[in-house]
Amino acid sequence: MKPFGFGAIIPRFLRFSDKIKLTLHTKDEIKHLLSEIWSAKDEYDGLRTRASTLVEYIFVHLLEKWGNNVDMIAESGYNLFLSLHRYAGDGEVLMFKRALYGEISEECHFDFECLMAALMQEIQGTLESENETKVGRSSLFVTIDSFFPFMAKADTKAIKDALQQEQPDEKIDYMALFDAEPEEGSEDGEAENRGLFLNAVLLQYLKDLSSYSSNLKKKLMEVKADENGFAKLADIKEIIATFDERKTEDDVYMNLARGAHLNSVADVRFYMDLGEEVEISEFVRNLSSKLVRPSKYYVMSSQRDAAEDNGGEGSGGTFMTEPELT
């Protein structure tokens, strides 16, 4: 293929002009590589005061691997880039691709891991003893419904169908559902189906996130603004708060802080009291890659019951995984 060249808008790991030898990864290889990059990036960012973006870090990662061998950096970069498009039907690959393009926050990777840990905990809460390793299919289906109470029936059905294809027996080894790697000695059919459940949940997570984010951004663009496109923070807060009434006040202020590039809830309140205005299109751009997920996706069954006891409204119920602003 013909490389993209050296333009300023071209990511550093793709800046090249000579011919490139392409040996695209298999799906297993690209998923292993993405896992390696996520882990290495976490370690790299932990040693620095400012976290790198995924686009920045990929170049750093390839530089550490290949040194000053620009040919190998370019070859690895383009093989990665094209493999992301080739296997975008897989949840892990699609999440990485969208994070790389800035369509979703990189925090989604960690956020989804926390979500799966919470789902596993919910399943374990239904077991009769700590030593049990399997759960009945019907019981597991009830847990899925209660864990995602606002998910469309068609979407929960897709998750349940994937679960049934992965483990067709009536008793489900629930721990295996959260480990996409087949065990050594697994039969071909079992190895091929391993990870179907996890992938189905991840694809639904990304779908729900995309829809929620898109709808919220459309609402934000309807806010009353002056001729220069500036709107009051207080008016923006009202839209975010009413768009999803299940959001906690912390959720709303976190969104405001991110969109307005403020550091804390105290800052948001201070500038809002002053009648501060922000350029709404810039606010939406800032928020779009950092709106980690819809709160409706994280209303746990116990929290839902509490909300129903209060007349079905509820003041929150989100499964928070980001550091709270103070």
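Output the pairs from 160/247; 2/97; 65/97; 153/232 with a Cα-Cα distance over 31 Å in this structure; if there are none, say none. List each step's numbers first, then the result.
Numbers: 160/247 28 Å; 2/97 21 Å; 65/97 21 Å; 153/232 39 Å.
Over 31 Å apart, Cα to Cα: 153/232.
Relative contact order of the range 12-100: what whole-number percent is it, with Cα pairs under 8 angstrom and at least 6 residues apart? Could you put the intermediate results ahead of the total?
Working: 63 pairs, mean separation 39.4, N = 89.
Relative contact order of the range 12-100: 44 percent.
Any chance you could run the full-extension gain for residue 114 through residue 35? It's 0.36 nm times the residue separation minus the Cα-Cα distance, nm to one decimal.
The residue 114-residue 35 span can extend by a further 26.9 nm.
Modelling each spin label as a point 7 Å along the Cα-to-Cβ direction, I'd like the residue 165/residue 127 distance in nm, to one decimal.
It is 2.7 nm.
Take 143, 242 and order them by how many other Cβ atoms sit within 10 Å, fewest up front. Show your work: numbers first, answer last.
Details: 143 19, 242 11.
Starting with the residue having the fewest Cβ neighbours, the order is 242, 143.
Work out how much length residue 281 to residue 9 would gain on full extension: take 0.36 nm times their residue separation and subtract the Cα-Cα distance, in nm to one decimal.
Answer, rounded to one decimal: 95.8 nm.
Taking the Cα centre of the range 107-204 as the origin and placing charges on Cβ (Lys, Arg +1; Asp, Glu -1), which of 204, 154, 118 is farthest toward the positive end of the dipole?
Most positive-ward Cα: 154.
Please rank 106, 282, fewest neighbouring Cβ atoms within 10 Å first, as an exposure proxy. Write out the running numbers ahead of the final one.
Numbers: 106 24, 282 14.
With the fewest neighbours first, 106, 282 line up as 282, 106.
For the range 224-252 and the range 56-106, what is the separation of their Cα centres, given in Å?
So the two Cα centres are separated by 35 Å.
Between residue 50 and residue 215, what FRET efficiency follows from the Cβ-Cβ distance if R0 is 22 Å, with the result rounded to 0.05? Mind dumping the intermediate values first?
Details: r = 31 Å, r/R0 = 1.43.
My answer for the efficiency is 0.10.
With 10 angstrom as the radius, rank 71, 208 by how many other C-beta atoms surround their C-beta, starting from the fewest. Show your work: numbers first, answer last.
Working: 71 13, 208 19.
Arranged by neighbour count, lowest to highest, 71, 208 become 71, 208.
None of the figures in this text is laboratory data; all of them are computed from the coordinates on show. If you're wondering where the values come from, they're calculated on a predicted model, not measured in any experiment. For neighbour counting, all protein chains shown are included, and Cβ atoms are generated from backbone atoms with ideal geometry for every residue, glycine included.
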